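All remarks here apply to the structure that follows.
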Amino acid sequence: MTTNYKPVKKLIDLDLNSELEAFDSAARSKRDEAIDVADYRSERGKVVATLVAAAATAANDETSFGYAERMLGCARRQNFYYGKDFLDSATGELFEGFGNLFGCGLKLCQSCTARAAARNRKIARQAVQATKLLRREHFCHESGKWVIEEERLRFVTLTIPKIDASLIITFAILRRAFDLFRKLKFTKDYFGGLIKSGEFTVREDRTYHAHIHLLAISFFVPEDLIKWHWTNCVEKAFNEFGIEFKAKQANVNLKLVDSLERAIKEICKYMTKSESWEKIPPDQLLEITRIKRWDRLFEVTGRFRQTLKLLNAEKERSSSDLGQEVSLTEGKKHGERYFNTEVISDGETFSDFGYSEETAAKPHEILKKMKRENWRDIIERDGLEKYLEIFYRQLEYGQKIRKLRLILKFPTATFSDLDGQPWDLAEIEQFALQLAARGVEVLKT
């Protein structure tokens, strides 16, 4: 079992989604800045993993304990790397950065949620920058007439009143209320495109302040009018879940976007701060670890989505001559939304490998296995002890694969661990020769 983890130092409060822009001191090197953020993510990951492990041990929950071990595999300091002289193929510029060799892909993981936020910011920037705001006719619900008006970018926050319910139930109500809201004729008339994210904080009484942020293309609309429609949707969602709606209204905050980058960072931030997981009761924490498929916390709809479709089509046409497949959104299409599959699936990522007796005996074969078993199913079938035995072996192997892929993808870069120890290139070269002898094509998997 995992031993209790105690932080060795008090860490400064870092903006984990600023892409290292939070550090203003010219006296600090970029490497120092990156190491501080990596150390923070490592320590926070260990803290939360330890909480999950303690709750899982008390409840004799093997699946949740496996969840904790996967988080620890991602959070351990030796799983991080630092690199310099990465070449940006689009701009030709060199840059520095850090990352994880193995990514657990779990919602409670500080590192993996930060990576998902970075991907979402890229999607949001592409959608907003390429979508033209129009002067067009629309139906005004205040006057009951058709009017011609300029579209603007607005930032909207939709909140549900406090309820005495678990986080899972709270988010289910929030999701249902938003589904009702986005289908309203009012919403379709006033909002030409939406980028949406879900978020929560934990109050002092351990209830949840759950809310949705929207970056919207919209005409002028009074905040009170949005609030009236949103309150009706929230009240209906409460009633559907058998919960009495006691509040006078559901809160709405509306403002014009004065800084696009700040708005995008707010939209593409996190589900919650890492410290919030420490305030959640152990039984609810275990409920969260048992979720296999999360609701879509990040979505792009309307004209923003149409813009991404056009950009993808154009990019695919231009790259088809080179035999490449490219997706600007780094995700998949589904219905009327764009989303990242890693935002939905909790813990099954491209850092994962297939686990079985066969692949344990021939670890290189996992690279050719298209359909991987979910790690939760393996624990249920074979037990925690057997799963962890295979997981640790495949974790070590996967980290070697990741190192090799990084070196091949960024031949100009130099890599080290967080303590500045350079990677052993001779060892990696020997590993590459072993793979080549087995016919494994590392970059094409």
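Here the dipole of the range 148-301 is about 300 debye; that uses its Cα centre as origin and unit charges on the Cβ of Lys and Arg (positive) and Asp and Glu (negative). For the range 56-133, what class follows from the C-alpha gyration tensor (a ≥ b ≥ c being the square roots of its eigenvalues): rounded when a/c is under 1.5, otherwise prolate if a/b is larger than b/c, else oblate? It comes out oblate by the Cα gyration axes. Hey, which of these cross-link pairs are over 28 Å Cα-Cα: LYS273/LYS400; LYS107/LYS227; LYS183/LYS255; LYS46/LYS196; LYS107/LYS185; LYS255/LYS315? In this structure, LYS273/LYS400; LYS107/LYS227; LYS46/LYS196; LYS107/LYS185; LYS255/LYS315 exceed 28 Å between Cα atoms.
Note that the range 212-225 has calculated 3J(HN,Hα) couplings of 10, 9, 10, 9, 10, 8, 8, 8, 4, 9, x, 4, 5, 5 Hz, one per residue in order, obtained from phi through the Karplus relation 6.51 cos²θ - 1.76 cosθ + 1.60 (θ = phi - 60°); glycine and proline are x. Compared with the rule-of-thumb size 2.2 N^0.38 Å for a compact globular protein, the range 399-445 has a Cα radius of gyration ratio of 1.17.
Read-outs throughout are calculated quantities, based only on the coordinates presented, and are distinct from any laboratory measurement. This structure is a prediction, so every number in the text was calculated from the model and none was measured. We place every Cβ from the backbone using ideal geometry, glycine too, and count neighbours over all the protein chains shown.
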